[in-house]
Amino acid sequence: MRSTRNRAAGLIAAAWRDPTGFDMAGVESLFRPFTLNGLRLPNRIVMAPMTRWSSPGGIPADDVAAYYRRRAENDCGLIITEGTTVDHPVASYSSRVPMFHGAALKGWRRVVEQVHAVGGRIMPQLWHVGIARRPSQDYPNRHLPSVSPSGLFLPDKKPVAPPATRAELRAVVEAFVKAACQARKLGFDGIEIHGAHGYLFDQFFWAPINRRDDEYGSNLEGRTRFAVETISAIRSAVGNDYPLLLRISQWKEQDYAAKLARSPEELRALLTLLAGAGVDAFHCSQRRYWEAEFTGSDLNLAGWAKRLSHKSSITVGSVGLSGELSTRGPGALGQPSAIAALDGLLERMARDEFDLVAVGRALLADPTWARKIREGRLGELTAYTPEALERLY
Ligand SMILES: Cc1cc2nc3c(=O)[nH]c(=O)nc-3n(C[C@H](O)[C@H](O)[C@H](O)COP(=O)(O)O)c2cc1C
């Protein structure tokens, strides 16, 4: 096996020959190993969690296992699965989204086996959608009201469900703990909690739709309490030596301009509470990774999270693509996106602004994306088009 240094030299040489003309100097910064709470990752590339609506009845079948294996065997250092719902009656918004309980666990075991068979690493993204269940969707237990802080999906709309009771919140915490323990038992390399994009935990974080005046609302500490209780309970159950990621975002599917934190001080307050509960790494979702989070510095959200929390961080958002994710309207996810240069990302990576880089649509379109980047075969990359969503490949 070639040494890392020789391989890096080979990569840079390959970059000079790259027909796209992109400057790939520094690409080796993406292919340095990284250790996350004892888990050694061969490189810095992470497959971002992406719902595929391809698990009928909530059960991931062999095609799902093959889909993840394909990315693992092509140099994707860590896979975070699509959101998979915990064992709570109103956790899901689609019967085609995989569950993480009951009969689905056999399918997940197969996924882990397939990814591990090729030396890959994988974590499930554990999910509860809260108030994001829409009447137009097909999901289990439609007769039951959704669970959320105040029954609001958007600040300017009327509540569509009663505020969650303390007993309901306890049941959700237990469902997350159960899922985390199952993940460890099945051999997953860690877990990610979905605390972003306007789903359950984020509904608590986001003041405009968390109108509670009890201990789960009122102020930042109150709005963070439900996530803190869940993470602390998971940490006690799985032990200190099991990697635990938390995905957070300022933006919401309901409102791209939303902000949880308007200043580094506000972000520090939020992250300190969450880090104290047992988070190992913050997965900081942006739609464009190159956007500065606060004025006066070019650090992005993951950059600030790493600096303020002293935990590891993952960036994401239009890596390798020219157009950002759009999840709304008739053209949702429908915009094709050309291949874009990585030089800005590589500069940030080289100065360790963040530790890991998650890649979404580029890896949907091209399961060999990481391998081609490593080998400098940029001219062979496949651009993202919505057809990538039509099948699991
Ligand atoms: C089809 C699709 C499904 C997604 N599903 C999830 C999900 O289940 N959980 C999540 O946290 N983010 C989800 N996302 C967001 C991605 O993880 C990622 O943050 C986003 O696509 C931006 O990265 P990209 O520009 O590299 O695609 C999804 C994105 C896409 C395109």
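Bear in mind that the values in this text are calculations on the coordinates, not laboratory data. Keep in mind that what you see is a predicted model, and the values were worked out from it rather than measured. No Cβ is skipped: glycine too gets one built from the backbone with ideal geometry, and neighbour counts run over all protein chains shown.
Per-structure values
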item: Rounded tilt (10° steps) of 166-186 against the dominant C-alpha axis of the chain; result: 30 degrees
item: Gain upon complete extension [Asp343, Ile59; 0.36 nm per residue less C-alpha separation]; result: 98.3 nm
item: Cα pair distances in segment 289-370, grouped into 5 Å bins until the bin that holds the longest one, percent each; result: 3, 14, 23, 22, 18, 12, 6, 1, 0
item: Share antiparallel - DSSP beta bridges, the chain, percent rounded to 5; result: 15 percent
item: Assigned charges on the beta-carbon of Lys, Arg, Asp, Glu; segment 177-226 dipole about Cα centre (debye); result: 200 debye
item: Ascending count of other beta-carbon atoms within 10 Å, so fewest first, for Met50, Met99; result: Met50, Met99
item: Volume per residue that the Cα convex hull of the chain spans, once the total is divided by residue count, Å³; result: 129 Å³
item: Under Karplus coefficients 6.51, -1.76 and 1.60, residue-wise ³J(HN,Hα) of segment 77-90 in Hz, glycine/proline x; result: x, 8, 10, 10, 5, 3, x, 10, 8, 6, 7, 9, x, 10
item: Viscosity 1.306 mPa s, 10 °C: Kirkwood-radius Stokes-Einstein D of segment 121-200 over Cα pairs, µm²/s; result: 113 µm²/s
item: Sequence-distant residues sharing a close amide H with Ile193 (under 5 Å, placed H); result: Leu126, Leu245, Leu246, Arg247
item: Gain on full stretching of the segment that runs from Ser136 to Glu266 - 0.36 nm per residue minus C-alpha separation; result: 43.2 nm
item: Among Ala132, Trp290, Ser318 - extreme Cα towards positive end, dipole of the chain, charges at beta-carbon; result: Ala132
item: Cβ-defined net charge surrounding Gly187, 14 Å radius [Lys, Arg +1; Asp, Glu -1]; result: +4
item: Largest-first principal axis extents, alpha carbons of segment 191-266, Å; result: 36, 27, 24
item: Proxy reagent accessibility, fewest Cβ within 10 Å first, across Cys284, Cys181; result: Cys181, Cys284
item: Net lengthening on full extension, Arg40/Val118 (0.36 nm per residue, minus Cα-Cα); result: 26.6 nm
item: Spin-label model distance (nm) - Glu174 vs Ala66, 7 Å beyond Cα toward Cβ; result: 4.0 nm
item: Exposure proxy ranking, count of Cβ atoms within 10 Å, fewest first, for His310, His143, His283; result: His143, His310, His283
item: FRET efficiency, Arg166 to Leu333 (Cβ-Cβ, R0 45 Å, nearest 0.05); result: 0.75
item: Lysines whose Cα lies under 20 Å from that of Lys106, excluding same-chain neighbours fewer than 8 positions away; result: Lys178, Lys185
item: Dmax and Rg, reported as Rg then Dmax, of segment 34-150 (C-alpha, Å); result: 15.3, 46
item: Positive-end residue of Ala340, Leu270, Gly239, charge dipole of the chain with Cβ unit charges; result: Gly239
item: Point-charge dipole on Cβ atoms (K/R +1, D/E -1) for the chain, about Cα centre, debye to 20; result: 540 debye
item: Estimated inter-spin distance, Glu380 and Leu154, nm [label 7 Å along Cα→Cβ]; result: 4.6 nm
item: Candidate lysines - alpha carbon under 25 Å from Lys157, same-chain residues fewer than 8 apart omitted; result: Lys252, Lys259
